[in-house]
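Colleague: Please read through the structure below; I'll follow up with questions.
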């Protein structure tokens, strides 16, 4: 079954790599794989294996990140509640010094959060940041795809390319 983009992809050039030095490393890996992955079937099987490992690692990384966030919040709560352990062994009042010399410090810093996008956009324009304003890449890509499907050109300043997308369906 052809993708919904099949009718418009033929005229688009292939997307060039973003980072030539990264692509150079990819080319080295491809070269080392060519001796083992001789058929598309072998490539698909290797893709399935590597993709499964990546998905598992992403799941584990998500769990590790949640645990890290939980410990960070516990440390902050302990600091806020003046629990014992901070400031010992010559450490600052916001620092826990450990036996091996390592330390963990709770430091506060300001952080902005946009609550009125239009007001912030207008402030950016008024303060010389108009050239820094842009849509997220995912939004730009979505707009480009929608326009191309309607027979319209890509938005001004955007060039449309064809990019391979590998779709894995678990059996």
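Rule-based calculations on the coordinates, nothing more; no lab input. These figures come from a predicted structure and were not determined experimentally. Don't worry about glycine lacking a Cβ; one is built from the backbone with ideal geometry, like all the others, and counts go over all protein chains shown.
Colleague: Averaged over every viewing direction, what's the projected area of the C-alpha convex hull for region 132-171? Give it in nm², one decimal, please.
Modeller: 4.3
Colleague: Report, to the nearest 10°, how far helix 137-149 tilts away from the longest principal axis of the Cα atoms in the chain, using its own Cα long axis and a range of 0 to 90°.
Modeller: For 137-149 against the chain, the angle is about 20 degrees.
Colleague: Could I have the simple spin-label model distance between residue 45 and residue 163, label points 7 Å from Cα toward Cβ, reported in nm to one decimal?
Modeller: Rounded to a tenth, the inter-label distance reads 3.1 nm.
Colleague: I've got another one for you. Using only the alpha-carbon atoms of region 41-98, report the extent along each of the three principal axes, biggest first, to the nearest angstrom.
Modeller: Its Cα atoms span 62, 20, 10 Å along the three principal axes.
Colleague: Could you tell me how many degrees, from 0 to 90 and to the nearest 10, lie between the Cα long axis of helix 117-126 and the main elongation axis, the longest principal axis, of the Cα atoms of the chain?
Modeller: So the inclination is approximately 90 degrees.
Colleague: Whole number please: convex hull volume per residue of the Cα set in region 81-161, in Å³?
Modeller: Value for region 81-161: 238 Å³ per residue.
Colleague: Kindly express, to the nearest 10 degrees and within the range 0 to 90, the angle between helix 20-33's C-alpha long axis and the longest C-alpha principal axis of the chain.
Modeller: 70
Colleague: Further question on the same structure: With the crude spin-label approximation of a point 7 Å out along Cα→Cβ, what separation in nm comes out for residue 130 versus residue 59?
Modeller: 5.1
Colleague: Right, next: Regarding region 1-128, what are the three Cα extents along the principal axes, ordered largest first, in Å?
Modeller: 64, 49, 30
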